[in-house]
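Every number in this text was worked out from the coordinates using simple rules, so none of it is lab data. Keep in mind it's a predicted model, so treat the numbers as computed, not measured. Heads up, the Cβs are rebuilt from the backbone with ideal geometry, glycines too, and the neighbour counts pull from every protein chain shown.
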Amino acid sequence: MNLHRIDLVSLYLFQLAARTGSISQGAELAKLAVGAASKRMTDLEQAFGVALQARHSRGVKLTLAGETLHRHVHRIQSNVDQMSDDLSGHAKGLMGVVRLLAKAVKESGATID
């Protein structure tokens, strides 16, 4: 398996094609040329060594392997979204570390009102 041929754009395109049932509609949503999208789908299948989509005259249908990949891509997309949110917080200065220093005080039995 050649994992160097797998990228987020291809996985996103795969997700769109699965959702729409069409590589060309997925390509349009991803703003890619249909030929480039088709090549990316072929590259994904070659990288995993298994057919991910059954191509028909009326579109594509996921194979069992494609359904497995679709579940994984959904989780990857959720992780990427969470990563983006987390890093956006850092970029806006909303996330960081606050360190507090407190001095120990000997208990004297006195109370504060």
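Remarks
- Hits in region 25-70 - residues which are out of contact with any helix residue (DSSP H, G or I) (no Cβ under 9 Å at 6 or more places or on another chain) and aliphatic (A, V, I, L, M): Leu64
- Total residues in region 1-20, condition in a loop (DSSP other than H, G, I, E, B) and within 17 Å of Ala51 (Cα to Cα): 3
- Single residue of region 56-95 satisfying the filter (closer than 19 Å to Leu44 by Cβ, outside any helix (DSSP H, G or I) and not polar (S, T, N, Q)) that is farthest from the chain's Cα centre (by Cα): His56
- When each of Val50, Val98 is tested for being over 20 Å from the mean Cα position of the chain (by Cα) and either surrounded by 11 or more Cβ atoms within 10 Å (Cβ to Cβ) or not in a loop (DSSP other than H, G, I, E, B) (or both), the lone residue that passes is Val50.
- Filtered by the rule that a residue be surrounded by 15 or more Cβ atoms within 10 Å (Cβ to Cβ) and over 15 Å from His4 (Cα atoms), region 28-47 gives Glu28, Leu29, Ala30, Leu32, Ala37, Ser38.
- Contacts under 7 angstrom Cβ, first residue in region 64-88 being in contact (Cβ under 8 Å) with a residue 40 or more places away in the chain, partner among the aromatic types (Phe, Trp, Tyr) and surrounded by 10 or more Cβ atoms within 10 Å (Cβ to Cβ), 6 or more apart: Leu69/Phe14; Val73/Phe14
- When region 21-44 is filtered for residues that are in a helix (DSSP H, G or I), more than 18 Å from the chain's Cα centre (by Cα) and under 15 Å from His70 (Cα atoms), only Ile23 remains.
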